[in-house]
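These notes concern the structure reproduced below.
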Amino acid sequence: MARMVDVGEKPHVERRAKAEGFIVLKPDTVEKIKTGGIPKGDVLTVAKTAGIMAAKRTPEIVPLTHPIPITGVSINFELEEGGVMAEAEVKSRGQTGVEMEALTAVTVTLLTVWDMVKGFEKDNKGQYPTVKITDVEVVEKVKK
């Protein structure tokens, strides 16, 4: 039987979590991201916005998470020859952690990158033989 854990008696404390992940892309695609050569627009700005929105909507996506008072979300990128590393940091002052929000944010950020560049990543059969999202993990969790 599934149930949401009752956190009502827990104190409100500052909480922060960072998650990161990587999307493998062709070097030419990464260069197009850097130079603004993607027809859909500024990949990193759109992906950042999507990640922030996703963090705020985590309880709608992950069934047993609590709606929490998010006080901040930041998304950062590192462009590498073989793809894009994204990091999401989520902050809250509440009764439960923000790991799921950070993981949701970074995952949706990377999915948005994929969506924006997919035209450059397809092969002649319309498949994505080399694109993959990897190494999504929580890299830091803080509770004060």
The stretch 13-143, Kirkwood Rh and Cα Rg, ratio Rg/Rh at 1.02
In units of 2.2 N^0.38 Å, the Cα radius of gyration of the stretch 73-144 is 1.33
Cα extents of the stretch 1-55 per principal axis, largest first, Å, are 52, 27, 18
With +1 on the Cβ of every Lys and Arg and -1 on the Cβ of every Asp and Glu, the dipole magnitude of the chain about its Cα centre, in debye rounded to the nearest 20, is 400 debye
Note to self: C-alpha centroids of the stretch 79-102 and the stretch 1-42 sit apart, in Å, by 5 Å
In whole percent, the fraction of accessible protein surface over the chain that belongs to carbon or sulfur atoms, probe radius 1.4 Å, stands at 52 percent
For 50-63, 87-100, 29-42, 118-131, ranked highest to lowest by mean beta-carbon neighbours within 10 Å, the order is 87-100, 50-63, 29-42, 118-131
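The values are calculated or read from the model by the stated rules, or taken from the named source; none is laboratory data. Because the structure is predicted, anything quoted here is derived from the model rather than measured. Here Cβ is always computed from backbone atoms with ideal geometry, including for glycine, and neighbour counts include all displayed protein chains. Keep in mind that these areas ignore ligands, DNA and RNA; they rest on the heavy atoms of the full protein, side chains included. Shrake-Rupley method; radii C 1.70, N 1.55, O 1.52, S 1.80 Å.
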